[in-house]
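The values are calculated or read from the model by the stated rules, or taken from the named source; none is laboratory data. Since we're looking at a predicted model, the values are computed, not measured. So basically every Cβ, Gly included, is an ideal-geometry build from the backbone, and we count neighbours across all protein chains shown. These area figures cover heavy atoms from the full protein model, side chains too; ligands, DNA and RNA do not enter into them. Shrake-Rupley method; radii C 1.70, N 1.55, O 1.52, S 1.80 Å.
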Amino acid sequence: MNRAILFAGACAVPLAAAAEEPGVFADHAAYAAFVDTAISARDFEGLTRRLDGADDYAPGQLEEAVAQLRASFPKDFTGMSLLKAEEMEGGFVQEARAFWTDESYAFFYALLHRKEDGLVVVSFALNSVPDAILSKF
């Protein structure tokens, strides 16, 4: 099951009061609950739109990426675990999460920035190969 990086996004949004601003969450708990729910249910389009707004995709490109992910992961994930989290300077943190079924694994990476009034998702990636995610640490 060797697949290249399946999905990646980056977000550079100003922190706004609106909780629904792409890539901005009230706190880490809200972010984690969203990511865990979206990936477990294979809502890859919702994940992308909420984390980075999906503005960087050409017409049809996001739909193509979502179709590829749903084909690669045909069943909703039944397990989830935070694999690694690393605090960094200046309020930054990076983390890796794993999701699985009896047949497949997905690995998620995020670079986050904690600010006084919320949490910003700076970048993220989703992959079926753990080394592609864990090598970011």
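Data for the structure
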quantity: Test: residue in region 68-89 that is farther than 18 Å from Ala38 by Cβ, of a type in the set (Gly, Ala, Ser) and in contact (Cβ under 8 Å) with a residue 24 or more places away in the chain; calculated: no
quantity: Residue count, region 100-131 (criterion: closer than 22 Å to Val24 by Cα and in a strand (DSSP E or B)); calculated: 18
quantity: Residue list for region 100-114, restricted to those being open to solvent by 10 Å² or more (accessible area, probe 1.4 Å) and touching a strand residue (DSSP E or B) at 6+ places or on another chain (Cβ under 8 Å); calculated: Trp100, Thr101, Tyr105, Phe107, Tyr109, Leu111, His113, Arg114
quantity: Answer from Leu112, Leu119, Leu82 - the residue that is on the phi < 0 side of the Ramachandran plot and under 12 Å from the mean Cα position of the chain (by Cα); calculated: Leu112
quantity: Output for region 90-109, where each listed residue is within 18 Å of Ala32 (Cβ to Cβ) and charged (D, E, K, R); calculated: Glu95, Arg97
quantity: Counted residues, region 115-136 - those being over 23 Å from Phe73 (Cβ atoms) and either among the hydrophobic types (A, V, I, L, M, F, W, C) or surrounded by fewer than 16 Cβ atoms within 10 Å (Cβ to Cβ) (or both); calculated: 6
